[in-house]
1. Test Arg119 against the stated conditions and say whether it is under 30 Å from Pro189 (Cα atoms), surrounded by 19 or more Cβ atoms within 10 Å (Cβ to Cβ) and of a type in the set (Lys, Arg).
2. Check off (1) out of contact with any strand residue (DSSP E or B) (no Cβ under 7 Å at 6 or more places or on another chain); (2) in contact (Cβ under 8 Å) with a residue 24 or more places away in the chain; (3) small (Gly, Ala, Ser) for Gly32 and give me the number that stays unchecked.
3. Among Asp55, Asp13, Asp21, Asp50, which is acidic (Asp, Glu) and closer than 19 Å to Ala161 by Cα?
4. What are the pairs, 6+ residues apart or on separate chains, where a residue within the range 195-214 that is closer than 19 Å to Trp115 by Cα has its Cβ under 6 Å from a residue that is of a type outside the set (A, V, I, L, M, F, W, C) and assigned to a helix (DSSP H, G or I)?
5. Consider Asn39 against the criteria (1) touching a Pro at 6+ places or on another chain (Cβ under 9 Å); (2) assigned to a strand (DSSP E or B): it satisfies all of them except one. Which criterion is unmet?
6. Out of Ile93, Ile73, Ile100, Ile83, which single residue is on the phi < 0 side of the Ramachandran plot, touching a helix residue (DSSP H, G or I) at 6+ places or on another chain (Cβ under 7 Å) and of a type in the set (Val, Ile, Thr)?
7. Across the range 28-46, what is the number of residues that are of a type outside the set (Val, Ile, Thr), surrounded by fewer than 17 Cβ atoms within 10 Å (Cβ to Cβ) and either within 15 Å of the chain's Cα centre (by Cα) or on the phi < 0 side of the Ramachandran plot (or both)?
8. Within the range 52-74, can you find the residues that are assigned to a loop (DSSP other than H, G, I, E, B) and surrounded by 20 or more Cβ atoms within 10 Å (Cβ to Cβ)?
Amino acid sequence: MKIGILQTGHVPDILVERNGDYDQIFSKFLGGQGLEIENWPVVDMVFPPDANAADGWLITGSRYGVYEDHPWIAPLEDLIRDIHARGAPMIGICFGHQIIAQALGGKVEKFAGGWAVGRTDYDMGDKTLTVNAWHQDQVTCPPAQAKVLGGNAFCENAVLAYGDTIWTLQPHPEFSAQFLGGLLQTRGPGLVPDDLLAKAKQTLNEPNSNDDIAAFMVAFFKKERA
């Protein structure tokens, strides 16, 4: 099965050598599961030929806002709508979660409540997901067709599903403790409040749900659909 990564940002230069760019991080995260992965860095205006270029799609995180005026935002939204109409499986993480919501009629804003950074719990009803967060923007009004699967008091719409073909998640299951630690050190100071940075550093190496989410994502892609 071929998964197309729609890369919407780049890892900070100082962290690339040790971690790779976002396509490499996701390839490693989903690795060993029989998936063929091809990357299209849409952030650099490199797009697939059409919605049929892959069997499933994954949209990455980004430092940009989905509501910002960048030349690749509108064509990415068009592609999202085409993928949705085709019925191919699609997963969005952080920015990906937000751009899918915006493309399908939802609203994304810079949240007045500030930042979510580091190890964070999300109530899924029957279980709790613990995932590393790194965001200020969030989906404040999901599209009418979206079902809210999970969230918390800070981010109510953290996990969304659109039928059985689209699943999106606000936090970052692909972030290892080492990578998040690098972000806290290099991008956090002056951007994220000091108390949030300190708390995130304290919980860096505590258990999380990353492995479970990776397995779920692979199963979601491979799921048989009518």
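1. yes
2. (2)
3. Asp55
4. What qualifies is Leu204/Gly181.
5. Only one criterion is unmet by Asn39, namely (1).
6. Values: Ile93 fails: touching a helix residue (DSSP H, G or I) at 6+ places or on another chain (Cβ under 7 Å); Ile73 fails: touching a helix residue (DSSP H, G or I) at 6+ places or on another chain (Cβ under 7 Å); Ile83 fails: touching a helix residue (DSSP H, G or I) at 6+ places or on another chain (Cβ under 7 Å).
It is Ile100.
7. 6
8. At the first step, the residues of the range 52-74 found to be assigned to a loop (DSSP other than H, G, I, E, B) are 52-55, 60-72.
Those that are assigned to a loop (DSSP other than H, G, I, E, B) and surrounded by 20 or more Cβ atoms within 10 Å (Cβ to Cβ): Ala54, Thr60, Gly61, Ser62, Val66.
Taken together, the values in this text are just the output of simple stated rules run on the coordinates, not laboratory data. Please read these numbers as outputs of a predicted model, since none were measured by experiment. Methodologically, a virtual Cβ is constructed for each residue, glycine included, from the backbone with ideal geometry; neighbour enumeration extends over all protein chains shown.
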